[in-house]
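A short write-up of the structure that comes next.
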Amino acid sequence: MGHTHAVCGMAVGAVALPLVPHDRMAGQLAWVACCGGMALLPDLDHHSSTVTRMWGPLSRALGVVVCWLGRGHRGGTHDFVVAPLFWALLVFLAGLNQWTLMAVLALAVGLALRACHFVIPGQYEKSWPINLLVSAGAGWWLVRNGAAADASWLPFAAMVGVLVHIGADALTVGSIPKPFSWLDGRPNRMGSGPLTTGRWYEHVLALAMVVVTFAGLYAHVPRVTALVDRISGSVATTIGAAGPVGTRAAAPEVW
């Protein structure tokens, strides 16, 4: 469900853009990217998940620590009370310094890129250095272009992403743990959900969330709106100049 979690987080982030205190495109795109990327954080508790394989040995080492803290897969990382607050606090502390903020933004971008694996093709084990370089560059660009001007929104992006992930997992057969029941290593589940991962409807949902994301960006980011309008206007002009399809110029009359 990696790609589904990511696009759902980005869709919610794009729809919630009017609530974000940021009017620069870099900050707005950082918000959407963080909501999508942070929606993968709870799966750091699984050794073969999308997020733990994202940056090779670096992300695997982080996954070991998170799995130990959360007492296994779908333990504390999927507690809808503890997990959002934990990640929000961690991200808040990281946002106090420019370099750690850059690292958090790079992590969020890397997660979103890895979930949308068609952006960087290839096997995880071989393509992770490319993801790391692109993510680091994106984090640097976002900070240089205003994302660090006011990072007060960053913990909220973490909370939104994590809650989107937990909400989606609550609808699956594996479900999520009841709050604090995972502390002894034997979480008490909240009940089996109606959905199973990997089914056809998951891909339909992911596609729908991609559409919602682009619609939110178009509606709330002026520069994206202007770019789309310019492209659509150019296409319409080109089609109009070509004339109706299938018609031919009238042959000159012969007297």
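The values are calculated or read from the model by the stated rules, or taken from the named source; none is laboratory data. Fair warning: this is a prediction, and the values are worked out from it, not measured in the lab. FYI the Cβ positions are ideal-geometry reconstructions off the backbone, even for glycines, and counts take in every protein chain you see. Surface areas here come from the heavy atoms of the whole protein model, side chains and all, with no ligands, DNA or RNA. Shrake-Rupley method; radii C 1.70, N 1.55, O 1.52, S 1.80 Å.
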Sequence-distant residues sharing a close amide H with T172 (under 5 Å, placed H) | G193, L195
Pseudo-spin-label distance A219 to S234, built 7 Å along Cα→Cβ, given in nm, is 2.7 nm
Round to the nearest 10 and give me the degree value, 0 to 90, for the angle of helix 2-15's Cα axis relative to the longest principal axis of the chain.
-> 70 degrees
Just the accessible area for V204, please: 1.4 Å probe, Å², rounded to the nearest 10?
-> 90 Å²
Interchain or long-range residues, amide H under 5 Å from R189's placed H = K178
Only helical DSSP H runs with n ≥ 4 go in: add -39500 (n - 2.57) per run for the chain, normalise by residue count and round the 222 nm mean residue ellipticity to 500 deg cm²/dmol.
-> -20000 deg cm²/dmol
Folded to 0 to 90 degrees: helix 57-70 orientation relative to the chain principal axis, Cα = 50 degrees
Using alpha carbon centroids, what distance separates the stretch 34-91 and the stretch 164-184, in Å?
-> 13 Å
Residue order for H78, H220 - accessible surface, 1.4 angstrom probe, largest first | H220, H78
Å² per residue, accessible surface of the chain at 1.4 Å | 54 Å²
Which distance in nm do the two modelled labels at L171 and R186 give, with both placed 7 Å along the Cα-to-Cβ direction?
-> 3.2 nm
Using R₀ = 41 Å, calculate the FRET efficiency as 1/(1 + (r/R₀)^6) where r is the Cβ-Cβ separation of F92 and A241; round to 0.05.
-> 0.15
Taking only Cα atoms, what is the 0 to 90° angle, nearest 10, from helix 98-115's long axis to the longest principal axis of the chain?
-> 70 degrees
